[in-house]
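Taken together, the values in this text are just the output of simple stated rules run on the coordinates, not laboratory data. Given the structure is predicted, the values throughout are model-derived calculations rather than measurements. Here Cβ is always computed from backbone atoms with ideal geometry, including for glycine, and neighbour counts include all displayed protein chains.
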Amino acid sequence: MQPFSTHTGMVLPLDRVNVDTDQMVPKQFLKAQTREGFGRVLFYDWRYLPGEKPNPEFILNRPRYKGASVMLARANFGCGSSREHAPWAVADMGFRVLIAPSYADIFYNNCFKNGILPVTLTDAQMDELFSRAEAQEGYSVTADLPNQTISDSTGLKYRFEIDPFRKHVLLEGLDDIGLTLKHIANIDAYEKAQHPGATMYEAVDAKYFPKR
Amino acid sequence: MTARTMYRKIWESHLVREAPGEPSLIYIDRHLVHEGTSPQAFAGLKAAGRKVRRPDLTFAVMDHSVPTKNRSLPIMDEAATGQFDALERNCREAGVTLFDMFSHNQGIVHVIGPELGITQPGQTIVCGDSHTSTHGAFGTLAFGIGTSEVEHVLATQCLVQYESKTMHIVVNGKRGKGVSAKDIILAIIGKIGIAGGTSHVVEYSGEAIRALSMDGRMTVCNMSIEGGARAGMIAPDDTTFAYMEGRPYVPRGKEFQEAVARWKGLASDAGAKFDATVELNANDLAPQVTWGTNPGMVSGVTGRVPDPASYRDPDDQKAVARALEYMGLKPGTALQDIPVDRVFIGSCTNSRLNDLRAAARVVAGKHISKNLKGALVVPGSMTIKAKAEAEGLDKIFRDAGFEWRDAGCSMCIAMNPDVLPPGERAASTSNRNFEGRQGKDSRTHLVSPVMAAAAAIEGHFVDIREWNVEAPE
């Protein structure tokens, strides 16, 4: 995974509460077999008119926000479906930092698997960032993960909280599976002691079965 | 010893590794897999030269994109076919049990897990699907995960987890006639909000929960995620054990009795502390209808579409105004005056035998409104379909003008050809009314199976309590 340390980028203010992952990547794009290329379909139904014509009303299509890499969002961002296609699309569109007052659990967790830093700030701090991003064209902020701050060039500086382990994994860009496999002896021991198994007592109509 | 919640007991019994300052490693007893969120996980595993650690604890099914009719014909959707082929190949290579679309046991992943006895009390269960919370109805810790975590579980049979906070939702009293499990959970979401349960595992209890059948309990736990909760759970009891006995993966005889004795110890201890408690009374609960674009935008059927100006928070005012615009509704409209174009009875929320029986009782001897453009019944599994047919439910539905289909997720997520057309309005027994959920620019109203059935007959929402029919158990 791509490590994350600090990032400075232009801010896109998405001023909606309860943005669900169905909006980020609608169902018709869940049939792909790769993790790449979802940026094109991020917020598909909001972003495109019939014939995939960009909807000029939608913020992602406004020229002044072209190249934004920090997204401001409102409460409960990423609610609903567990689809990881949502953070894949966010990252593929070039966003490395999200800033919101709260996130839905599964989406929040999925961000860390994809090198995205989801920052949590208070409602009042969010309001200030929204008003600055809307007022100043090209408004940028710096997300500093080691120091846990969001700052801009005029002296604004907000500290944010993040779990120390998640911070460590993101800073180092560690592979979760690789980390867990270091504890293979613990897993072996657990299996030996607990004997979890699934026994079939009556035949089911399945195509393949595990080899004994 | 301190009193423990059911969640804490299951958590402790699955701890593989604990270390200060780190999340814990917990063991996963059952990993359920479907075609939609697994191809990238299997591909990642292969690219890293890793293997499926416990194929015997992994169960796969095709459900999200499967057609619900004419399965013997070629499927025209190449992307869907690609996912079916990938799942088939991955299961063959790893030796994972696969219920493909021609299996007599095929169905929605959260329907067939319990139905086959793969789901059992006290387990940890995960699936790359947020409605995995359904399995919590059996006193399991079950939750949805992303594809990276699917890959993690395939490789290690474990997950890295932080312990959740706990919320106790107590539903006292008795449901009135015509009031369903669906109405209980919609009312809960209306009360706590769609983020009310965030970072919590919910345990549901109380007289009204105890009185539910397993089908009803699954409906309640299924929509825990719609209240923001990671998982929902109900302590196993005699209703649970009676449901379990004799299912294909459930132990028999003396082994079953021993399992029941263990399962009885799962319930939260008296005096166990929860981080939050919410109480509701089922006595005065009306059938619920959603009017907006998230499941928390809900009201009793005798209510009216709200005025955005009646909300205090400016964010709420904006969200409600936008929702009403999307839904094509005016403030003050009586919910019972809203006409529907289509009716969908199905999904992992409400497609089980008790749901179909209750809906059939409503439509028996009647016919769907001539104003309706279509009405679908999609059983949750092929097993349920066969049982329903043995009871003659298919004939009741067909005679009433419904289409009777094969099992799958169908119009709940509309990844297959069952799509709600733009601008059309559905009474749906599914779980999400998000913009575009059932089809681009489509409009969803979430209701119970008996409410959906009655809306099909009348062509608009009605107060099913006035029809004097039994809701699902």
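Some points to look at:
- Equivalent ellipsoid of the range B:83-217: semi-axes from √(5λ) of the C-alpha gyration tensor, largest first, are 31, 19, 13 Å.
- Two-decimal Rg to Rh for the range B:16-84 - Kirkwood Rh, Cα set: 1.12
- Antiparallel DSSP beta bridges within chain B, as percent of all bridges there, nearest 5: 20
- Listed by chain and number, the lysines placed with their C-alpha closer than 28 angstrom to that of B:Lys385 are A:Lys27, A:Lys31, A:Lys207, B:Lys69, B:Lys177, B:Lys182, B:Lys366, B:Lys370, B:Lys373, B:Lys395; residues fewer than eight positions away on the same chain are left out.
- Over the protein assembly as shown, DSSP H runs of length four or greater, each weighted -39,500 (n - 2.57), average out per residue to a 222 nm ellipticity of -8500 deg cm²/dmol.
- Translational diffusion of the protein assembly as shown, µm² s⁻¹ [Kirkwood Rh, Cα pairs; Stokes-Einstein; 37 °C; 0.692 mPa s]: 129
- Separation in nanometres of the label points that stand 7 Å from Cα toward Cβ, at A:Gln33 and A:Ala124: 5.4
- Computed log₁₀ I(q)/I(0) - Debye formula, equal Cα scatterers, no solvent, the range A:128-195, q 0.22 Å⁻¹: -0.96
- Mean-position separation - Cα centroids, the range A:92-119 and the range B:133-177, in angstrom: 21
- In chain B, the inverse of the mean reciprocal separation of distinct Cα atoms equals 22.5 Å; this is its Kirkwood hydrodynamic radius.
- In this simple spin-label approximation, A:Asp175 and B:Asp315 carry label points 7 Å from Cα along the Cα→Cβ vector, and these lie 3.9 nm apart.
- Exposed loop sites are taken as chymotrypsin sites (Phe, Trp or Tyr not before Pro) in a DSSP loop (any state but H, G, I, E or B) with at most 15 other beta carbon atoms within 10 Å; the longest stretch of chain B without one runs B:312-473.
- Cross-link partners of A:Lys113 among aspartates and glutamates (Cα-Cα below 18 Å; sequence separation of 8 or more within a chain): A:Glu36, A:Glu84, A:Asp92, A:Asp105, A:Asp163, A:Glu172, A:Asp175, A:Asp176, B:Glu22, B:Asp129, B:Glu149, B:Glu151
- Distance between the range B:343-411 and the range B:260-324 - C-alpha centres, whole angstrom: 27
- For the range B:348-443, the alpha carbon positions stretch 37, 29, 19 Å along the principal axes, listed from largest to smallest.
- Residues B:Thr97, A:Thr8, B:Thr2, ranked from the fewest to the most other C-beta atoms within 10 Å, line up as B:Thr2, A:Thr8, B:Thr97.
- Solution diffusion estimate, µm²/s, Stokes-Einstein, the range B:320-395, Kirkwood Rh from C-alpha pairs, 20 °C, viscosity 1.002 mPa s: 147
- Partner aspartates and glutamates for B:Lys440 [C-alpha distance under 17 Å; skip if fewer than 8 residues away on the same chain]: A:Asp20, A:Asp22, A:Asp45, A:Glu52, B:Glu325, B:Asp341, B:Asp418, B:Glu424
- Residues in the range B:19-33 carry Karplus couplings, in order, of 8, x, x, 10, x, 8, 9, 10, 7, 10, 7, 9, 10, 9, 10 Hz; the curve used is 6.51 cos²θ - 1.76 cosθ + 1.60 with θ = phi - 60°, and Gly or Pro positions show x.
- Under a 5 Å amide H cut-off, with hydrogens placed 1.01 Å from N, B:Val16 pairs with B:Leu25, B:Ile26, B:Tyr27 among residues at least 5 apart or on other chains.
- Bridge type composition, the protein assembly as shown - antiparallel percent by DSSP, nearest 5: 30
- With the alpha-carbon atoms of the range A:22-85 aligned to their principal axes, the span from lowest to highest coordinate is 32, 31, 18 Å, starting with the largest.
- In this structure the amide hydrogen of A:Phe160, modeled in the peptide plane, comes within under 5 Å of the amide hydrogens of A:Thr149, A:Ile150, none closer than 5 places in sequence on its chain.
- Entry note, chain B: relative contact order of 18 percent, from Cα contacts under 8 Å with a spacing of 6+ residues.
- Fraction of C-alpha pairs exceeding 26 angstrom in chain A: 44 percent, rounded to a whole number.
- The ellipsoid equivalent to the alpha-carbon distribution of the range B:191-283 has semi-axes of 27, 15, 13 angstrom, derived from the gyration tensor eigenvalues as √(5λ) and listed largest first.
- GluC sites (Glu not before Pro) restricted to the range A:39-115 and DSSP loop, no more than 10 other C-beta within 10 Å: A:Glu57
- Our note on the geometry: Cα centres of the range B:206-233 and the range A:50-77, 37 Å apart.
- Backbone HN-Hα couplings from phi across the range B:443-458 [Karplus 6.51/-1.76/1.60, Hz, Gly and Pro as x]: 10, 10, 10, 7, 8, 7, x, 5, 5, 5, 4, 5, 5, 5, 5, 8
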